[in-house]
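Peer 1: This is the structure I have questions about; it appears just below.
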Amino acid sequence: MELLQFLRRFLLQDLARIDVWIQQETLHAESRRGQQIQASRAAQRPWWVHHDDGRPIRLHVANCFFISRHDGGHACTRQQAIEALAAGAEPCPGCRPDSDLGTD
């Protein structure tokens, strides 16, 4: 009987360890999925342009730290980003979208 109880405790410890591994792998999988979604969205519209009174004032790469989605801007295509720079939009000094676009 003692041997069976020992075996039961041993197996419960193993199951607890396996549960931790499952939780860790689930978190990693969710994180990877989130990164894939974010990357695919950025690939579709990889630039962000801020507007003031209808004219472009600043251009960012879509994943730039300095973007505030509440400042009257929107995602744009490569062509729209080039047009925004030509219209006088200032490239963000942090993410340097003009380098990615080849217009620096």
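Peer 1: Could I have the simple spin-label model distance between Met1 and Glu25, label points 7 Å from Cα toward Cβ, reported in nm to one decimal?
Peer 2: Once both label points are built, they end up 3.8 nm from each other.
Peer 1: Calculate, in nm to one decimal, what Gln80 and Leu15 gain on full extension: separation in residues at 0.36 nm each, minus their alpha carbon distance.
Peer 2: Result for the pair: 17.9 nm of gain on full extension.
Peer 1: In whole Hz and in residue order, list the ³J(HN,Hα) couplings for the range 79-91 that follow from phi through the Karplus curve 6.51 cos²θ - 1.76 cosθ + 1.60, θ = phi - 60°; x for Gly and Pro.
Peer 2: My calculation for the range 79-91 gives 4, 5, 5, 4, 5, 5, 5, 5, 7, x, 5, 7, x Hz in order.
Peer 1: Quick one: pull the percent of accessible area on the chain belonging to carbon and sulfur, 1.4 Å probe, ligands and nucleic acids left out.
Peer 2: The nonpolar share, carbon plus sulfur, comes to 55 percent.
Peer 1: Further question on the same structure: Hey, what D do you get for the range 61-102 in µm²/s if you plug the Kirkwood alpha-carbon radius into Stokes-Einstein at 10 °C and 1.306 mPa s?
Peer 2: Taking Rh from Cα pairs, D becomes 147 µm²/s.
Peer 1: Next up: Among 85-96, 2-13, how do they line up from the highest to the lowest mean number of other beta-carbon atoms within 10 Å?
Peer 2: So the peptides 85-96, 2-13, ranked by packing, come out 85-96, 2-13.
Peer 1: While we're looking at this one, here's another question. Stokes-Einstein D for the chain at 4 °C, 1.567 mPa s, Kirkwood Rh over Cα pairs, in µm²/s?
Peer 2: Estimated diffusion coefficient is 76 µm²/s.
The values are calculated or read from the model by the stated rules, or taken from the named source; none is laboratory data. In this text, all values refer to a predicted model and were calculated from it rather than measured experimentally. Note that each Cβ is placed from the backbone with ideal geometry, even for glycine, and that neighbours are counted across all protein chains shown. Keep in mind that these areas ignore ligands, DNA and RNA; they rest on the heavy atoms of the full protein, side chains included. Shrake-Rupley method; radii C 1.70, N 1.55, O 1.52, S 1.80 Å.
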